[in-house]
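First comes the structure, then the notes that go with it.
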Amino acid sequence: MRQSRRAPPIINAPPFVTALALGIIALHGLRILAGSSLDLLFVDLGGVFPDRFWGWIAGQQVPGGYAPYNNALEALIPLAGTALVHGSWSHVLMNTIMLIAVGKPVYSVFARLWRSQLSVNLAFLGLFVAAVVGGSLAHLATHYPSGPPAIGASGGVSGLIAAALMIQNGLPAQLLERRFLSASAVFLVGNIVLAFLGPSLFGSAIAWQAHIGGYVAGAVLFRFMVRHAGRARFGT
């Protein structure tokens, strides 16, 4: 009697995490194929422009900068929409590979805490988006009233990295645990080094502040989510 053997999946990650990564890649491919016809739309929806944002806050154009956003919707959508816009194939592939790698253990923790598949998916997506927004806000805060625009899902990936590092030390996740603080210091130093080496290594500047902002936002929110879910399910 023969035993059937299933071929291992090409991407060994939860389907939702894989779908999120492939969706980001597909949008980049669409942007490339569409050329200039959709490029402006992608930049408007996903480019975090400090001068446009602070000009909108002040109600007037920043000297030498782009025209400010016209309304709150235009100003706030890029804070999260930036995760869907990347500058090159190497940029998008680097982010999505990391998204899958660090997203897998984080998703697994959520699957243990929530019974509903929908709840698990929403929790993962919520953490990722919140980290993206945290990264965007950090970029804006460190580039006042103007500075270079930022694009990419790096803030969200950094938030997932923070969560994955916290998981390594066991649950419940602790923000002030010594090993996590040590790993966070390495992450910070690594990003400062990238700030200086980025232009020569990747051909463009690295929005390292967005990485730090996403990392902090992801760590804080993951700690809250795990603690809240643990109490609700296990009474701990």
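The values are calculated or read from the model by the stated rules, or taken from the named source; none is laboratory data. Computed from a predicted model, the values in this text were never measured in an experiment. Reconstructed Cβ throughout: ideal geometry from the backbone, glycine too, with neighbour counts over all protein chains shown. Areas reflect the complete protein model, heavy atoms only, side chains present, ligands, DNA and RNA absent. Shrake-Rupley method; radii C 1.70, N 1.55, O 1.52, S 1.80 Å.
Output the residues belonging to region 80-108 that are outside any helix (DSSP H, G or I), open to solvent by less than 50 Å² (accessible area, probe 1.4 Å) and in contact (Cβ under 8 Å) with a residue 60 or more places away in the chain.
The initial filter retains those residues of region 80-108 that are outside any helix (DSSP H, G or I), namely 85-88.
Those left that are additionally open to solvent by less than 50 Å² (accessible area, probe 1.4 Å): 85-86, 88.
Listed by number, the residues that qualify are VAL85, HIS86.
Identify all residues within region 12-41 that are in a loop (DSSP other than H, G, I, E, B) and surrounded by 12 or more Cβ atoms within 10 Å (Cβ to Cβ); write none if there are none. It would help to see each step written out before you state the result.
Keep residues of region 12-41 that are in a loop (DSSP other than H, G, I, E, B), which gives 12-14, 35.
ALA13, PRO14, listed by residue number.
Yes or no, residue by residue, for (1) more than 30 Å from PRO68 (Cβ to Cβ); (2) among the small types (Gly, Ala, Ser); (3) in contact with a Lys or Arg (Cβ under 9 Å, 6 or more places away or on another chain):
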| position | (1), (2), (3) |
| --- | --- |
| TYR107 | yes, no, no |
| SER116 | yes, yes, no |
| ALA130 | no, yes, no |
| ALA141 | no, yes, no |
| GLY152 | no, yes, no |
| ALA173 | yes, yes, yes |
| ARG178 | yes, no, no |
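Within region 16-43, which residues are more than 18 Å from the chain's Cα centre (by Cα) and under 24 Å from VAL157 (Cα atoms)?
Of the residues in region 16-43, the ones more than 18 Å from the chain's Cα centre (by Cα) are 29-41.
Result: GLY29, LEU30, ARG31, ILE32, ASP39, LEU41.
Taking region 117-173 only, how many residues are of a type in the set (S, T, N, Q) and touching a residue at least 40 places away in the same chain (Cβ under 8 Å)?
Of all residues in region 117-173, those of a type in the set (S, T, N, Q) come to 117, 119, 121, 136, 142, 146, 154, 158, 168-169.
Still in the running and touching a residue at least 40 places away in the same chain (Cβ under 8 Å): 121, 136, 142, 146, 154, 158.
Going through region 117-173 one residue at a time, the tally reaches 6.
Can you tell which of ALA111, ALA26, ALA13 is farther than 29 Å from SER146 by Cβ and without any contact (Cβ under 8 Å) to a residue 12 or more places away in the chain?
Working: ALA111 fails: without any contact (Cβ under 8 Å) to a residue 12 or more places away in the chain; ALA13 fails: without any contact (Cβ under 8 Å) to a residue 12 or more places away in the chain.
Every option except ALA26 fails the conditions.
Have a look at GLY190, GLY135, GLY152, GLY159 and point out the one that is in a loop (DSSP other than H, G, I, E, B) and either under 18 Å from the mean Cα position of the chain (by Cα) or more than 24 Å from LEU79 (Cβ to Cβ) (or both).
Values: GLY190 fails: in a loop (DSSP other than H, G, I, E, B); GLY135 fails: in a loop (DSSP other than H, G, I, E, B); GLY159 fails: in a loop (DSSP other than H, G, I, E, B).
Step by step, each of GLY190, GLY135, GLY152, GLY159 is checked, and only GLY152 is in a loop (DSSP other than H, G, I, E, B) and either under 18 Å from the mean Cα position of the chain (by Cα) or more than 24 Å from LEU79 (Cβ to Cβ) (or both).
Scan region 209-222 and give yes if some residue there is in a helix (DSSP H, G or I), at pLDDT 95 or above, open to solvent by 70 Å² or more (accessible area, probe 1.4 Å) and out of contact with any strand residue (DSSP E or B) (no Cβ under 9 Å at 6 or more places or on another chain), otherwise no.
yes
Within region 59-78, which residues are in contact (Cβ under 8 Å) with a residue 60 or more places away in the chain and open to solvent by less than 70 Å² (accessible area, probe 1.4 Å)?
Once the filter is applied, which keeps residues that are in contact (Cβ under 8 Å) with a residue 60 or more places away in the chain and open to solvent by less than 70 Å² (accessible area, probe 1.4 Å), region 59-78 yields VAL62, GLY65.
So in region 33-44, with the set limited to residues that are touching a residue at least 12 places away in the same chain (Cβ under 8 Å) and touching a helix residue (DSSP H, G or I) at 6+ places or on another chain (Cβ under 8 Å), which one is farthest from ASN95 (Cα to Cα)? Steps first, answer last, please.
Our first condition is that a residue be touching a residue at least 12 places away in the same chain (Cβ under 8 Å); within region 33-44, this holds for 42-44.
If we keep only those that are touching a helix residue (DSSP H, G or I) at 6+ places or on another chain (Cβ under 8 Å) as well, we get 42, 44.
Details: PHE42: 18, ASP44: 21 Å.
Among those residues, the one meeting the criterion is ASP44.
Could you list all residues from region 144-177 that are modelled with pLDDT of 90 or more and open to solvent by 30 Å² or more (accessible area, probe 1.4 Å)? Can you show your working first?
As a first pass, look at region 144-177 and keep what is modelled with pLDDT of 90 or more: 144-167.
Across region 144-177, the qualifying residues are TYR144, PRO145, SER146, PRO148, PRO149, ILE151, ILE161, LEU165, ILE167.
I want to confirm something. Restricting to region 109-139 and keeping residues that are among the β-branched types (Val, Ile, Thr) and farther than 19 Å from ARG227 by Cα, which single residue is surrounded by the fewest Cβ atoms within 10 Å (Cβ to Cβ)?
Residues of region 109-139 among the β-branched types (Val, Ile, Thr): 109, 120, 129, 132-133.
Applying the additional criterion that residues be farther than 19 Å from ARG227 by Cα yields 129, 132-133.
Numbers: VAL129: 17, VAL132: 30, VAL133: 22.
By that ranking, first place goes to VAL129.
Tally the residues that are in contact with a helix residue (DSSP H, G or I) (Cβ under 6 Å, 6 or more places away or on another chain) and either charged (D, E, K, R) or within 10 Å of ALA219 (Cβ to Cβ) (or both), restricting the search to region 161-186.
Count: 8.
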